[in-house]
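One structure is given below, encoded as structure tokens.
The values are calculated or read from the model by the stated rules, or taken from the named source; none is laboratory data. Since the model is a prediction, treat every value here as computed from it, not as a measurement. Glycine gets a Cβ as well: all are built from the backbone with ideal geometry, and neighbour counts include every protein chain shown.
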Amino acid sequence: MIGLDALVKEWAALLRLQDWDIEARYVHAKEMAAPEGHDQTEVSAQVSSDTNFKYARIRVLHRDELAEDLAPVMYDVEHVVVHELLHLRFPDTEDEVAINQTASALLTLKRRK
Ligand SMILES: [Zn+2]
């Protein structure tokens, strides 16, 4: 499994979240809160945070527990980490498409080098 700590450290610094205390770990599906109409195996990651204390906890679903049809598209761990960090950066948006597209754009730039 890809280590989460280094990814969080790298991207938190780039997104100027370095003063946050951000914990990330792999979890099982039962630890995920499924949005209405969805199964816990359809959620690749979630973040819970306390803006006042600048504390966040990112949960990333174990790869082999993600729904089979979603795994190929939704399991780029770095994308998942960037996505959740962007939620911390933009706490007022629930626009998942915008968050996803921004994460993709940042990763495209990084990986182009
Ligand atoms: Zn999201």
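Okay, here's what the table says:
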{"quantity": "Hits in the stretch 34-45 (condition: in contact (Cβ under 8 Å) with a residue 12 or more places away in the chain and either of a type in the set (Asp, Glu) or in a strand (DSSP E or B) (or both))", "calculated": "Asp39, Glu42, Ala45"}
{"quantity": "Qualifying helices (runs of 4 or more DSSP H) (wholly inside the stretch 46-113; at least 2 residues being within 11 Å of the ligand (Cβ to nearest atom))", "calculated": "77-89, 96-112"}
{"quantity": "Pairs with Cβ under 6 Å, 6+ apart, first in the stretch 7-20 and among the small types (Gly, Ala, Ser), second not in a helix (DSSP H, G or I)", "calculated": "Ala12/Gln18; Ala12/Ile22"}
{"quantity": "Flag for Ala24 being farther than 22 Å from Met1 by Cα and either outside any loop (DSSP other than H, G, I, E, B) or at pLDDT 95 or above (or both)", "calculated": "no"}
{"quantity": "Complete set of residues in the stretch 69-107 that are within 19 Å of Leu4 (Cα to Cα) and among the hydroxyl-bearing types (Ser, Thr, Tyr)", "calculated": "Tyr75, Ser104"}
{"quantity": "Condition check for Ala29: away from the ligand (no atom under 14 Å from the Cβ) and touching a Ser or Thr at 6+ places or on another chain (Cβ under 7 Å)", "calculated": "yes"}
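For (1) closer than 22 Å to Trp20 by Cβ; (2) surrounded by 15 or more Cβ atoms within 10 Å (Cβ to Cβ); (3) at pLDDT 95 or above, each residue gets a yes or a no:
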residue	(1), (2), (3)
Pro35	no, no, no
Asp39	no, no, no
Gln46	yes, yes, no
Tyr75	no, yes, no
Glu94	yes, no, no
Leu106	yes, yes, yes
